[in-house]
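Input: a single structure, listed below in structure tokens.
The values are calculated or read from the model by the stated rules, or taken from the named source; none is laboratory data. Because the structure is predicted, anything quoted here is derived from the model rather than measured. A quick note on method: Cβ atoms are made from the backbone with ideal geometry, for glycine too, and the neighbour counts reach across all protein chains shown. Keep in mind that these areas ignore ligands, DNA and RNA; they rest on the heavy atoms of the full protein, side chains included. Shrake-Rupley method; radii C 1.70, N 1.55, O 1.52, S 1.80 Å.
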Amino acid sequence: MRTTDKRKERGDRARANILHHAIQIASVEGLEGLTFGRVAADAGVAKGNIQVLFGDREALQLATIESGVALYAETVVDPAMAEPTAVERLIALVEGWYTFVEQRTLPGGCLVHALSSEYRTRPGEIRDRVEHHRIGARQRIIDLSNEAVRAGELQAGTDVEQLAFELMSHQASANVAALMGETSQFELARRASGQRIAAARGA
């Protein structure tokens with residue numbers, strides 16, 4: 001049993017190491033940049049080890065998406081959800097996204113925004129997974145906004161669908177600006193997001 005446990009621990013560590021490097025590559029070059037050879041070279045492992053752990057390239061790509069989303073959740077979503085009120089959670093979630101991108105937690109910024117552009121016209125399981133996470137991010141904003149409206153923290157009658165659309169549109173623009181080195185445009189999107197929430201609060 002101990003031998004089996006140690007083998008599993010080694011496998012888990014190897015998988016985590018591979019995915020760490022894979023999300024770095026994917027955030028900059030997209031999932032098309034993920035080949036067993038490229039990831040193996042960056043991670044310092046044999047290509048055969050990656051094949052044993054993931055099976056095929058698409059499985060590696062899908063696991064990379066989930067790993068990137070999990071990193072974002074740990075860094076941004078979980079701390080934001082720990083805030084005491086719905087509107088504070090919403091503000092922390094939005095500001096956390098900008099900090100995540102600004103600090104280059106991933107070198108290519110927001111993985112889901114990047115992959116949405118890469119796979120927007122390419123149907124298949126990868127596109128479906130990316131869209132699932134896009135919808136989840138939008139729904140999280142909608143749910144928090146609805147909760148804030150019910151609590152009187154956002155104005156009654158706030159169009160939460162429109163609010164979510166605008167906040168995510170600002171993020172899409174900001175992600176490109178960050179990668180292009182357009183700091184002023186990035187900060188403009190950041191301010192616009194804060195101002196939009198403030199307006200919904202009636203501030």
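Of all accessible surface on the chain at a 1.4 Å probe, what whole percent is carbon and sulfur?
51 percent
Stokes-Einstein at 25 °C, 0.890 mPa s, Kirkwood radius from Cα pairs: D for the chain in µm² s⁻¹?
Roughly 134 µm²/s, to the nearest whole number.
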**OP:** Considering only Gly30, Gly48, Gly108, give the residue with the highest GNM mean-square fluctuation for the chain, with springs between Cα atoms whenever their separation is below 10 Å.
**Re:** Gly48
**OP:** Calculate the translational D of region 65-143 in whole µm² s⁻¹ from Stokes-Einstein, where the hydrodynamic radius comes from the Kirkwood formula applied to all Cα pairs, the temperature is 4 °C and the viscosity 1.567 mPa s.
**Re:** 99 µm²/s
Subject >> Extended-chain gain in nm, criterion 0.36 nm per residue less alpha-carbon gap, Ile135 and Arg7 >> reply: 42.4 nm
Original post:
How big is the convex hull of the Cα atoms of region 103-203, per residue, in Å³?
Top reply: 108 Å³
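About the Cα centre of the chain, how large is the charge dipole given +1 on each Lys and Arg Cβ and -1 on each Asp and Glu Cβ? Please answer in debye to the nearest 20. Before the final figure, lay out the partial values.
Details: 24 positive and 27 negative charges, 130 e Å.
Dipole about the Cα centre, nearest 20: 620 debye.
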Original post:
When the helices in the chain are scored as -39500 (n - 2.57) per DSSP H run of 4 or longer and the sum is shared across all residues, what 222 nm value do you end up with, to the nearest 500 deg cm²/dmol?
Top reply: -25000 deg cm²/dmol
Original post:
For the chain, what is the accessible area per residue in Å², given a 1.4 Å probe and the full set of protein chains?
Top reply: 52 Å²
**OP:** Work out the charge dipole of the chain with +1 on the Cβ of Lys and Arg and -1 on the Cβ of Asp and Glu about the Cα centre, then indicate which of Asn146, Ala46, Leu111 is farthest towards its positive end.
**Re:** Ala46
Subject >> Extended-chain gain in nm, criterion 0.36 nm per residue less alpha-carbon gap, Val28 and Gln103 >> reply: 25.5 nm
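Only helices at least 18 Å long along their axis, Cα-based, and averaging -0.5 or more on Kyte-Doolittle count here, so list those DSSP H runs from the chain.
Working: long enough: 2-29 (40 Å, -1.13); 57-72 (23 Å, 0.46); 86-102 (24 Å, 0.75); 125-150 (37 Å, -0.97); 160-179 (29 Å, 0.56); 183-201 (27 Å, -0.58).
Membrane-span-like by this criterion, though nothing is claimed about a membrane: 57-72, 86-102, 160-179.
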**OP:** Give me the accessible area of Thr35, 1.4 Å probe, in Å² rounded to the nearest 10.
**Re:** 60 Å²
